[in-house]
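The values are calculated or read from the model by the stated rules, or taken from the named source; none is laboratory data. The model shown is predicted, which means the values in this text are computed figures rather than measured ones. Methodologically, a virtual Cβ is constructed for each residue, glycine included, from the backbone with ideal geometry; neighbour enumeration extends over all protein chains shown. These area figures cover heavy atoms from the full protein model, side chains too; ligands, DNA and RNA do not enter into them. Shrake-Rupley method; radii C 1.70, N 1.55, O 1.52, S 1.80 Å.
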Amino acid sequence: MERHVLESLLIGDDEASATALAALRRGAPYSVQERVQPTGGHTGVFSRRLQRMRTRGFEPPGLARAVQLIREYDRPVRTALIDPENQTRFTLLFLTEDGSALVACASWPLPLVARKPPL
């Protein structure tokens, strides 16, 4: 998938989509999977990751919403990963089977650093 096509899919005003679009415009490397997978596997994996992150005091922007959206979509999706060279952020996109629309987007900084619990 060409960069400008992927950029055109990131029209949401949420933090994760805006972060993904900014990274692409800065020239960050990206990959789009050719194969599609059922959403059930993705929702299971990322629900567990979200739970583990939360137990460590970390709330990844967009991940809870992404899990909800791909669960509701309930059709196969293809994934894309935006991976800045400095590897300071993990950005995951879920696209429709044909890659014509964004289903969900999540992005969080790396390394994962737990927040201190509120006093």
Q. Tally time: how many residues in the stretch 79-100 are open to solvent by less than 10 Å² (accessible area, probe 1.4 Å), of a type outside the set (A, V, I, L, M) and either assigned to a strand (DSSP E or B) or farther than 14 Å from Q37 by Cβ (or both)?
A. 2
Q.
For the stretch 7-23, which positions are in contact with a Leu (Cβ under 6 Å, 6 or more places away or on another chain), of a type in the set (A, V, I, L, M, F, W, C) and in a helix (DSSP H, G or I)?
A. L9, A20, L21
Q: Could you identify the single residue in R49, R54, R65 that is part of a helix (DSSP H, G or I), in contact with a strand residue (DSSP E or B) (Cβ under 8 Å, 6 or more places away or on another chain) and either at pLDDT below 90 or of a type in the set (K, R) (or both)?
A: R65
Q | Matching residues, the stretch 38-78, being open to solvent by 90 Å² or more (accessible area, probe 1.4 Å) and in contact (Cβ under 8 Å) with a residue 40 or more places away in the chain | A | R56, R65
Q.
Any residue that is in contact with a helix residue (DSSP H, G or I) (Cβ under 7 Å, 6 or more places away or on another chain), of a type outside the set (D, E) and closer than 20 Å to D98 by Cα - is there at least one of those in the stretch 6-14?
A. yes
